[in-house]
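Note sheet for the following structure.
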Amino acid sequence: MPKQTLWGHPKGLYILFFTELWERFSFYGMRAILILYLTAKTTESNAGLGWDNVSALEIYGWYTMFVYVMSVPGGLLADRLIGQKKAVMVGGILIIIGHFILIFPEIWAFYLGALIIIIGVGALKPNISSMVGGLYKPGSEKRDTAFTIFYIGINIGAFTAPLIVGYVGEVINWNLGFGLAGVGMTLGLIVYILGQKYLKDVGNFVPLKREETTNKSVPLTTIEKDRMIVLVISFIIVMVFWAAYEQAGGLMNLYARDKIDREIFGFTVPASFLQSLHAFYVILLGVPVAYLWSKWQKKGKESSSLFKMGLGTIITGLGFLVLAGAAIETASSLDGKAAIYWMFGAYFLHVVGELSISPVALSFITKLAPIKYASLMMGAYFMVTGLGNKLAGMVGQAAENAGELTIFLGILIFCVSFGLLLIVFVKKLKKLAHGADDIEESNPIVEAD
């Protein structure tokens with residue numbers, strides 16, 4: 001185990017903290033300006049690709065889907081061939097190359113750069129989180145705090161990227177914005193390389209024993225079969241949530257650009273700036289929401305993971321009620337635009353919903369999954385997250401014909417109905433879970449999207 005410590009934690013934690021911070025800076029910088037770049041007119045001084053909204057949202061959906069789906073082969077790359085440490089290194093290098101290719105304002109550069117970034121994130125994302133856990137002995141009480149520190153790094157990157165990359169891309173030049181996101185990842189990789197001496201005992205490649213590589217089919221027990229049913233339902237919840245939540249980078253981003261009055265005290269807020277609200281609210285609300293759930297549980301009220309996820313889905317849906325209000329104002333206003341405070345309110349409710357779903361679901365899934373399929377189920381979690389992102393793009397595309405108000409109301413009705421249905425069946429689902437919520441989780445990973 002590493003002997004070098006800083007503030008009671010291995011120094012390797014802070015190396016991974018800064019590496020992930022800059023990787024998330026890259027990811028959320030890309031997310032902030034991608035849809036805006038695709039739809040920016042070719043006749044403007046800061047020309048984009050000039051695509052229509054439907055085509056742009058389709059590509060956005062594919063991109064955000066594959067970024068998560070590639071975590072599955074990224075994990076296999078580490079487990080079977082090179083180890084987590086080298087996989088993170090390879091991923092960082094590929095992300096940098098991809099962003100710098102995007103500097104060129106050519107269509108081939110866009111496709112090639114995006115593809116390389118997708119592969120890079122897939123190699124880095126699942127493995128760097130696992131390395132954080134590897135810094136600590138099983139059951140260490142410091143491990144929970146370590147993931148909280150790591151999570152702060154994620155949200156610093158997620159908060160600053162839309163402001164910095166968003167401004168450079170949207171106001172100055174799109175391709176420079178993409179390149180700036182690559183500079184961020186370069187800084188992260190430099191920190192990672194210089195900090196290797198603090199990561200000597202973590203993330204190394206350990207060849208699987210021969211018996212571990214065989215594909216023997218071991219039957220599930222009755223309890224495991226019941227839990228698998230709940231696991232599938234949990235995956236559906238996760239997919240529904242991300243399909244709604246990820247409207248932020250797509251439809252909501254376009255809506256903010258075209259139909260929201262973004263002028264505040266004489267300053268026109270770039271549409272991409274609003275992408276930082278999610279991370280800002282997570283930092284602001286994370287502790288209060290956790291405290292409220294703790295108080296709720298101490299009062300003996302229903303506080304199971306399934307109940308939290310059901311309620312979180314409803315709250316996320318209510319965020320679209322706020323957006324429906326914005327759409328109604330847009331239709332009735334003389335300039336065809338709604339006030340920016342609608343966006344502030346919608347993002348606020350989405351994050352309250354997120355804090356009741358995303359970290360809760362991830363922890364709950366690790367408890368439900370049969371031990372022999374634990375890694376497979378974690379890969380499946382990232383996969384359904386990716387499918388949720390793709391579904392988000394498809395829903396956003398429908399707004400072109402149905403209109404934003406119809407889509408916002410549709411998401412509201414679906415999320416609220418789905419959440420209420422889940423709450424109604426909580427007791428029956430808890431029986432199928434066979435006390436999974438009562439299992440002490442020694443390593444609750446809290447991840448951002």
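Ranked from largest, the principal axis spans of the Cα set of the chain equal 66, 51, 42 Å.
Go ahead and run the numbers for FRET between Lys299 and Ile229, Cβ-Cβ distance against an R0 of 30 Å, rounding to 0.05. Once the sixth-power term is evaluated, E becomes 0.50. My understanding is that a pair violates if its Cα-Cα distance is over 20 Å; which of Lys142/Lys298; Lys301/Lys428; Lys308/Lys367; Lys137/Lys298 do that in this structure? Violating the 20 Å Cα-Cα cut-off are Lys142/Lys298; Lys137/Lys298.
GNM remark for the chain: springs join alpha carbons under 10 Å apart, and the peak mean-square fluctuation among Leu187, Leu306, Leu102 falls on Leu187. Which one of Phe100, Leu274, Val191 is farthest out on the positive end of the charge dipole of the chain, using unit charges on Cβ (Lys, Arg +1; Asp, Glu -1) and the Cα centre as origin? Comparing the listed Cα positions along the dipole, Val191 ranks first.
What is the total of Lys pairs in segment 1-127 with C-alpha atoms under 16 Å apart, excluding same-chain pairs fewer than 8 positions apart?
Working: Lys3/Lys11; Lys11/Lys85; Lys85/Lys125; Lys86/Lys125.
So the count works out to 4.
Ellipsoid semi-axes for segment 267-403, based on the Cα gyration tensor and the rule √(5λ), read 32, 20, 14 Å when sorted largest first. Residues whose amide H falls under 5 Å from that of Ile260, counting only those 5 or more places apart or on a different chain, are Ala338, with hydrogens built in the peptide plane.
The slack in the chain from Met394 to Phe267, taken as 0.36 nm per residue of separation less the alpha-carbon distance, amounts to 42.4 nm.
The label point for Asp258 and the one for Thr221, both projected 7 Å from the Cα toward the Cβ, are 5.5 nm apart. With the simple model of a label 7 Å out from the Cα in the direction of the Cβ, Ser332 to Val54 spans 3.1 nm. Using a simple spin-label model with pseudo-atoms 7 Å out from Cα toward Cβ, Ile340 and Trp108 lie 4.1 nm apart. Among Ser276, Ser26, Ser45, the ranking by other beta carbons within 10 Å of each residue's beta carbon, starting with the fewest, stands as Ser45, Ser276, Ser26.
For the chain, set up a GNM with springs between Cα atoms under 10 Å and report which of Ala114, Ala158, Ala331 has the largest fluctuation. The residue with the greatest mean-square fluctuation here is Ala331.
Neighbouring Cβ atoms within 10 Å as the yardstick, rank Ile117, Ile149 fewest first.
Details: Ile117 29, Ile149 16.
Listing Ile117, Ile149 from fewest to most nearby Cβ atoms yields Ile149, Ile117.
Just so you know, all these numbers are worked out from the coordinates, no wet-lab data involved. Please read all numbers here as calculations on a predicted model, not as lab measurements. Here the Cβ is made from the backbone with ideal geometry for all residues, glycine too, and neighbour counts use every protein chain on show.
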